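Asks: Here you go, one structure.
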Amino acid sequence: MANITHDLKAPLTSICSALEVLNDKLRPRLQGEEADFLDICVRNSGTLRQMIDELLDFSKVSSGRMTVHPEKTPLEPLLRECAQVLLPWARSKQIILEVEPATEGKALPQVLADRRRVLQVLNNLASNAIKFTPEGGRVTLAAAPRSDERPGTVVVEVRDTGCGIAPEDRQRLFERFTQGQAERREGVGLGLAIARELVLQHRGELWVDSDPGQGSTFSFTLPLAP
């Protein structure tokens, strides 16, 4: 599976790049169906690329080759970088995407984290939040030390005002090839399973609090840097 998926990624990358160039150059001159068809191509090629990336990461998890390299890292820049990357998508859906200020104006403590992998977890959780939040909603990234509940850690939260998750879906949400709402399937249902594996490799935990119609809060812990 890893070899086949890797072979698929090279031509798909070329297709995505070509579509991006066409979109930049031709979009102002296209109208009606032509513009719609180009939008469909760009959107679906991006979805396919995400699916292939998930399959590649899944093959690494399954073979034990998914590793992290934690080092002393400031957390707040990671939250802001995630928000900056996803802000255009949130705006296109008229969703407010924000980073909650640290408590009492104090800077967040540094954590032991693999910067690239933590960004991957944040992007996965925030992307899901935007996907399942209706127009006019809000997605918030936040973090704070929790010395009383989980000493020695910082708890990172991704909160949304979306449709929420049914109890029966919460039980299996982090399983492989599983998604909460079948009618809105995108990807292959591996994103949360991979995110949980990355958090576990940081010696943290990942969980969700949610009720139907009440939004969701995905939380994970990272160890404080000594």
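The values are calculated or read from the model by the stated rules, or taken from the named source; none is laboratory data. Bear in mind the structure is a predicted one, so any value in this text is a computation, not a measurement. Positions of Cβ are generated from backbone atoms using ideal geometry, with glycine treated the same way; all protein chains shown enter the neighbour counts. Heads up: the accessible areas ignore ligands, DNA and RNA and are worked out on the full protein's heavy atoms, side chains in. Shrake-Rupley method; radii C 1.70, N 1.55, O 1.52, S 1.80 Å.
Asks: Taking the stated definitions as given, is ASP36 open to solvent by less than 90 Å² (accessible area, probe 1.4 Å) and either within 24 Å of SER127 (Cα to Cα) or of a type in the set (D, E, K, R) (or both)?
Replies: Details: open to solvent by less than 90 Å² (accessible area, probe 1.4 Å): yes; either within 24 Å of SER127 (Cα to Cα) or of a type in the set (D, E, K, R) (or both): yes.
When the stated conditions are applied, ASP36 passes them.
Asks: Limited to the stretch 128-158, what total is found for residues that are of a type in the set (Ser, Thr, Tyr), in contact (Cβ under 8 Å) with a residue 40 or more places away in the chain and either in contact with a Gly (Cβ under 8 Å, 6 or more places away or on another chain) or surrounded by fewer than 17 Cβ atoms within 10 Å (Cβ to Cβ) (or both)?
Replies: Narrowing the stretch 128-158 to residues of a type in the set (Ser, Thr, Tyr): 133, 140, 147, 153.
Checking the rest, the ones that are also in contact (Cβ under 8 Å) with a residue 40 or more places away in the chain come to 133, 140, 153.
Filter once more, so that each one left must be either in contact with a Gly (Cβ under 8 Å, 6 or more places away or on another chain) or surrounded by fewer than 17 Cβ atoms within 10 Å (Cβ to Cβ) (or both): 133, 153.
Residues flagged as of a type in the set (Ser, Thr, Tyr), in contact (Cβ under 8 Å) with a residue 40 or more places away in the chain and either in contact with a Gly (Cβ under 8 Å, 6 or more places away or on another chain) or surrounded by fewer than 17 Cβ atoms within 10 Å (Cβ to Cβ) (or both) within the stretch 128-158 amount to 2.
Asks: Oh, and also: Would you mind stating whether LEU108 is crowded, with 16+ Cβ neighbours inside 10 Å, within 18 Å of ALA143 (Cβ to Cβ) and modelled with pLDDT under 90?
Replies: Details: crowded, with 16+ Cβ neighbours inside 10 Å: yes; within 18 Å of ALA143 (Cβ to Cβ): yes; modelled with pLDDT under 90: yes.
So LEU108 fits the description; yes.
Asks: Tell me which residues, restricted to the stretch 130-141, are hydrophobic (A, V, I, L, M, F, W, C) and modelled with pLDDT of 95 or more.
Replies: Looking only at the stretch 130-141, we keep the residues that are hydrophobic (A, V, I, L, M, F, W, C), and these are 130, 132, 139, 141.
Passing the criteria: VAL139, LEU141.
Asks: Among the candidates ARG65, ARG49, which residue alone is open to solvent by 60 Å² or more (accessible area, probe 1.4 Å) and under 17 Å from ALA195 (Cα atoms)? Full working, then the answer.
Replies: Details: ARG49 fails: under 17 Å from ALA195 (Cα atoms).
Just one listed residue meets the conditions, ARG65.
Asks: Okay, next question. Mind listing just one residue for me: the one in the stretch 35-55 that is over 22 Å from GLY191 (Cα atoms) and of a type in the set (A, V, I, L, M) and, of those, farthest from the chain's Cα centre (by Cα)?
Replies: Restricting attention to the stretch 35-55, the residues satisfying the condition of being over 22 Å from GLY191 (Cα atoms) are 35-41.
Keeping just the survivors that are of a type in the set (A, V, I, L, M) gives 35, 38, 40.
Numbers: ALA35: 28, LEU38: 25, ILE40: 22 Å.
Top of the filtered list is ALA35.
Asks: List, please: which pairs have Cβ atoms under 6 Å, are six or more places apart or on different chains, and start with a residue in the stretch 45-56 that is within 16 Å of ALA10 (Cβ to Cβ) and end with one that is assigned to a helix (DSSP H, G or I) and open to solvent by 30 Å² or more (accessible area, probe 1.4 Å)?
Replies: Going by the 6 Å Cβ cut-off, the qualifying pairs are SER45/ILE15; ILE52/LEU8; ILE52/LYS9.
Asks: How do the pairs read when you match residues in the stretch 1-22 that are closer than 15 Å to THR47 by Cα and open to solvent by 60 Å² or more (accessible area, probe 1.4 Å) with residues anywhere that are assigned to a helix (DSSP H, G or I) and modelled with pLDDT of 80 or more, using Cβ under 7 Å and keeping only pairs 6 or more apart or on different chains?
Replies: Final answer for the pair search is LEU8/ILE52; LYS9/ILE52; ILE15/SER45.
Asks: Shifting gears a bit: Please go through the stretch 113-132 and pick out each residue that is over 12 Å from the mean Cα position of the chain (by Cα), farther than 13 Å from VAL156 by Cα and not in a loop (DSSP other than H, G, I, E, B).
Replies: ARG115, ARG116
Asks: Based on this model, can you work out whether ALA90 counts as farther than 30 Å from HIS69 by Cα and open to solvent by less than 10 Å² (accessible area, probe 1.4 Å)?
Replies: Numbers: farther than 30 Å from HIS69 by Cα: yes; open to solvent by less than 10 Å² (accessible area, probe 1.4 Å): yes.
Taking the combined requirement at face value, the residue satisfies it.
Asks: Search the stretch 68-97 for residues that are under 15 Å from VAL156 (Cβ atoms) and pair each with any residue that is surrounded by fewer than 15 Cβ atoms within 10 Å (Cβ to Cβ) and among the hydrophobic types (A, V, I, L, M, F, W, C) when their beta-carbon atoms are under 9 Å apart and the residues are at least 6 apart or on different chains.
Replies: Qualifying pairs under 9 Å: PRO74/ALA107; GLU76/ALA107.
Asks: Within the stretch 171-209, track down each residue that is farther than 19 Å from ASN123 by Cβ, modelled with pLDDT of 90 or more and either among the aliphatic types (A, V, I, L, M) or in a strand (DSSP E or B) (or both).
Replies: Within the stretch 171-209, ASP209 is the sole residue that qualifies.
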